Amino acid sequence: MSRARADEEEYWHSSKFRAFTFDDEDDELSQLKESKRAVNSLRDIVDDDDDDLEKVSWSGEPVGSISWSIKETASSSTSSLESRDSSLPKVSSSYTALPKQASSYSLSSLFKGRSKLPSFQSLSDALSDTGVKSYAPELRRPKAEYKDYSSDWSPKDTVRRMQRGKVCSLERFRSLQDKLVLLDEAVAGNDGNVITAVLIFLKRTLRKEILFRELEVRQVALCHLIHFLKETGEQKLLLDLLSLCLSSLSLQLSQYREHLNIQDVEKRREFLKGCIGLPFSAEDACHIQDHYTLLERQIIIEANDRHLEKTGQSEIFRKYPRKASILNMPLVTTLFYSCFYHYTEAEGTFSSPANLKKTFKIPDKQYVLTALAARAKLRAWNDLDALFTTKNWLGYTKKKAPIGFHRVVEILQRNNAPVQVLQEYVRLVEDVETRLNLATKYKCHDVVIDTYRDLKDRIQLAAYRCKVERGSAEEEKIDSILNNMVRSTAS
């Protein structure tokens, strides 16, 4: 007995592994060899390729036999009832008679994750057996993350999630209406990546004819698709799309051009109103809208001015009778007409120049140029001062011309403006050389004399003295300036 105890103590205190010392050479290599030997020894233990190893069930019968299959089926049907009777599993009385191979699962089957059945499997095992079964517990995602793959997102929510970089499935949008709503939401979001992603989905799930037809009225999406096809090199589809766009555009333009054949102004207005809904580009659609608004405005102005002209209630119509109707005239002509006959009207009236400028977003240069020509035609020189006078945020007034005062002088001269008016605006030309050229060309003597005086150029003053009339006020002014220069030099 003491010998057995001594053997046991020697077994527990002995070890086949050496202690670590710094003198060991190739320590990592030795560890690798030890690990390899351990694995090989484990393989010898759990090797399930030995066909002679017989596996038995808990009842002691070989697994796969007919009697084992019958008992297994019967026990599976009553397992639920037995679990209610007792919280602890019942162990068969034949446990004591079991041989050493008591379990139907060998160690190798546990390592590989499946049991090696000779011939029979249960239905659940047959359905779930996909090769290698993992016994590791599955880690569930938080419930909030399952919403990323939910099929209940609306098109608007889907676009928002795509903008934030979330993964969204577009396959749930099956109907054409849902797909178009999704595309409209993507365009409204102004995100080019989202628009392109939706277009790729539509290109894959819609027929070419249907996709092109819907893109005709969605110009932003159409431009994105054209750019995408250029980048990906899909030349055939790109050519089909461009040819369809060109044919559609030519059809729309021909339909819009039909308004030229309509003589009745009311019918033309209604026709233009119908053209607003045509699938033009955004820029062309704005032009058609302005065309319709302008014709509608011209109809109102024409009816009112014709009445004033017939009744003689307005002095300007008596003094300057109208030579033509304002109907169907271009926008610039309408603005000139308004500046000529309705310049002093308040902005709230349809015929007011300021109202036209605001409604049709006329640039300042075009407005000043047209208004200047209209008022100069009427020789209303006093109106020019208000046209060019601006006030800054401190309240100081300054004269400013968006077209440049050199052009103002030219327009005034063509309309036979008096020298006093010309000189006033020649002085406002900033460039000295241009100012001198204009003043000399239009004989604005005072401007030339004052400019040379400011430059203190006695030679040019003396030369210009020969160009003015003898005994004139300009000659006396030059003599006075030259004498002052001599005195200042002598002192």
Legend entry - Amide N of the stretch 218-239 lying under 16 Å from the label point, which is placed 7 angstrom from the Cα of residue 200 along Cα→Cβ: 224-234
Legend entry - Set of the stretch 167-204 residues, backbone N closer than 16 Å to the point 7 Å along the Cα-Cβ line of residue 213: 175-181, 203
Inset, instruction - Report, largest value first, the span of the C-alpha coordinates of the stretch 368-471 along each principal axis, in whole Å. - result: 41, 34, 21
Inset, instruction - Determine the shape class of the stretch 189-344: with a ≥ b ≥ c the square roots of the Cα gyration tensor eigenvalues, call it rounded for a/c under 1.5, and otherwise prolate if a/b is greater than b/c, oblate otherwise. - result: prolate
Inset, instruction - Mind giving me the nanometre distance, one decimal, between the label points for residue 458 and residue 344, set 7 Å out from Cα along Cα→Cβ? - result: 5.3
Inset, instruction - Count the lysine pairs in the stretch 155-257 whose Cα atoms lie under 28 Å apart, taking only pairs 8 or more positions apart in sequence or on different chains. - result: 15
Inset, instruction - Report the label-to-label distance for residue 446 and residue 318 in nanometres (one decimal), using points 7 Å from each Cα along the Cα→Cβ vector. - result: 3.6
Legend entry - Whole-Å semi-axes of the ellipsoid equivalent to the stretch 444-490 (Cα gyration tensor, √5λ, descending): 17, 12, 9
Inset, instruction - Enter the mean projected area of the convex hull around the alpha-carbon atoms of the stretch 282-420, in nm², rounded to one decimal. - result: 10.4
Legend entry - Where Rh is the Kirkwood radius over Cα pairs, Rg/Rh for the stretch 155-257: 0.99
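Coordinate-derived values only; no laboratory data. All of these numbers come straight from a predicted model, not from anything done at the bench. Heads up, the Cβs are rebuilt from the backbone with ideal geometry, glycines too, and the neighbour counts pull from every protein chain shown.
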